[in-house]
Each structure stands twice: as structure tokens, then as C-alpha cells.
């Protein structure tokens, strides 16, 4: 699976350096291209626990099953909600296209309506199932849509890293994502984005942190990540994602990544 994303969600897609990138920091872009090229395997199957925490510390949990697979240059991902009852059998499908001229496709199956809904680009800045992740966070970010700047060298959890700012090149990207800019912390040893700050147009910030990562057969996997929404110093909401029962490069049928399968469920 050629890495076309920052993690599973804050992804950047492949692109070529063009004359558009005059405002770019070429060193920063080179680093982000290596992030993009990082191998993540051909398929990935895992269980996911989602914990939603409100500003008062109240928690809700959701159990999911996650699948990802490369289809040539494109990557498809499916999520099935297993519990609790109010979200059981809800399913989500995303097609991340390598072609930057083509918008990624996303569909959400709502069992109460017995209907698959396509997510329009105008809704991608909305919260994904009440979490701190948006629908936009669940898709790739094309490198050519951003200018990059290397802010400084830093360290995260004892590992040398770069701090890189990305700024959208046009208002359409800002409107779709809801982000004015982002700052990513990239580890030097594995070219993995382990932390990020997203600056929302409404003045809030979302902080991504990969709490636990590990290497399996030369491929880096995430065991736990958090996304925290803040306004000033106040935490408004937090989402914890933890992953288990991971199968890397196993067989996954293509039919798992269809809208028909969303309706059928696990």
C-alpha cells in the first residue's frame, strides 16, 4: 500500500513539483513527498475502538471493523460500526483517488433509513459520526493543493523530527476542509506524521497525536491516536482511536469496498 495519506486520515496524495510551487519551501516539500511514498502494505484489516469524550469528561464508546486495500494507484477503505445499538450496522466507504483532478468519493450507510448517502464536498468539514475527525480527515490531501514550509527541527518523544506548515493554495480547499492551515510533526527516522495541529476557520484548533506506533515487517502501524478539539486553552471534545487484531497484507475481497457491501454489513 503506497502511502497516500498522513496516517489513516490526515493524508496527502502524490503530486509533482510544478511552477505553481514558487512559494514552496523545497526542503519541506521533499520531506512531505517522502511521507507520501512511505510503504503501508497492500491491505490492512483491524478492529477499532472509538472513545468520544465531551468537555465534562463523559465518555461514549463505539466498536468498529476497518478494512483498507490498494486498487492500483487508488486506495479504498471501509468502516463497519458494530456497537452500540444506536450506530450498529452504520458503515462508511471512501475511495481515495491518486488522480488529483478527481475528487475522492465517500458514502455513509444509515441503517435507520436503509439508505446509502454520498458525502458531498460541501459536507466534508463536518464531524464524522460525532467524533473530532471530519469527513475531510478521512481522505487524502493532494500535495499540489498546498504550499509547505519547514518551520524548525524539533523532537517528539525522544525522536528527532521536523515541524512543517502546510497552507492551502486556494479558498476552495479551505472551504472544503474547514482548515486555514496545518502544522505537522514528521519523525526523521520513519517519515511518519506523529503529531499535527489543524487551524479551523472558526478559530478552533484540532490536535492530532499518535500515542503509540510500532513496526511490523518493516511497516509502521498505529496502535493508538487521539484528536482533541480546543478553543484557546479549553478542551471542547476529544476522540481516542485504538486498534487491535491487526492483519497486514492479508486477503480481503474487493466486494468489501462497495456500496452494496455497506448495506449488507459484516
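The values are calculated or read from the model by the stated rules, or taken from the named source; none is laboratory data. Values in this document were obtained by computation on a predicted structure and should not be read as measured data. Glycine also receives a Cβ, built like all others from the backbone with ideal geometry; neighbour counts cover every protein chain displayed.
Things worth noting here:
- Residue 182 meets all of the listed conditions (1) more than 15 Å from the chain's Cα centre (by Cα); (2) touching a residue at least 12 places away in the same chain (Cβ under 8 Å) but one, namely (1).
- Under the condition of being surrounded by 14 or more Cβ atoms within 10 Å (Cβ to Cβ) and free of Cβ contacts under 8 Å to residues at least 40 places away in the same chain, the residues counted in region 155-164 number 4.
- The lone criterion from (1) surrounded by 15 or more Cβ atoms within 10 Å (Cβ to Cβ); (2) out of contact with any helix residue (DSSP H, G or I) (no Cβ under 9 Å at 6 or more places or on another chain); (3) touching a residue at least 24 places away in the same chain (Cβ under 8 Å) left unmet by residue 226 is number (3).
- Scan region 110-127 for residues that are out of contact with any helix residue (DSSP H, G or I) (no Cβ under 6 Å at 6 or more places or on another chain), touching a residue at least 12 places away in the same chain (Cβ under 8 Å) and within 21 Å of residue 84 (Cα to Cα) and the total you get is 3.
- Just so you know, in region 202-223 the residues that are over 24 Å from residue 47 (Cβ atoms) and under 14 Å from the mean Cα position of the chain (by Cα) include one that is surrounded by the most Cβ atoms within 10 Å (Cβ to Cβ), and it is 206.
- Residues that are in contact (Cβ under 8 Å) with a residue 60 or more places away in the chain and either touching a helix residue (DSSP H, G or I) at 6+ places or on another chain (Cβ under 8 Å) or closer than 18 Å to residue 132 by Cβ (or both) within region 185-196 comprise 186, 191, 192, 193, 196, listed in sequence order.
- Members of region 89-104 that are under 20 Å from residue 65 (Cβ atoms) and assigned to a loop (DSSP other than H, G, I, E, B): 89, 90
The rows are residues; the columns are (1) over 20 Å from residue 227 (Cβ atoms); (2) touching a helix residue (DSSP H, G or I) at 6+ places or on another chain (Cβ under 8 Å); (3) part of a strand (DSSP E or B); (4) modelled with pLDDT under 95.
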{"site": "29", "(1), (2), (3), (4)": "yes, yes, no, no"}
{"site": "62", "(1), (2), (3), (4)": "no, no, yes, no"}
{"site": "67", "(1), (2), (3), (4)": "yes, yes, yes, no"}
{"site": "76", "(1), (2), (3), (4)": "yes, yes, yes, no"}
{"site": "79", "(1), (2), (3), (4)": "no, no, yes, no"}
{"site": "82", "(1), (2), (3), (4)": "yes, no, yes, no"}
{"site": "85", "(1), (2), (3), (4)": "yes, no, no, no"}
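- Looking across region 79-95 at every residue that is touching a residue at least 40 places away in the same chain (Cβ under 8 Å) and within 21 Å of residue 51 (Cβ to Cβ), the one that is surrounded by the fewest Cβ atoms within 10 Å (Cβ to Cβ) is identified as 82.
- Boolean, residue 107 is in contact (Cβ under 8 Å) with a residue 24 or more places away in the chain, over 17 Å from residue 184 (Cβ atoms) and in a strand (DSSP E or B): yes
- When region 130-154 is limited to residues that are in a strand (DSSP E or B) and out of contact with any helix residue (DSSP H, G or I) (no Cβ under 8 Å at 6 or more places or on another chain), the one that is surrounded by the fewest Cβ atoms within 10 Å (Cβ to Cβ) turns out to be 152.
- Number of positions in region 98-129 that are surrounded by fewer than 17 Cβ atoms within 10 Å (Cβ to Cβ), farther than 24 Å from residue 172 by Cβ and in contact with a strand residue (DSSP E or B) (Cβ under 6 Å, 6 or more places away or on another chain): 1
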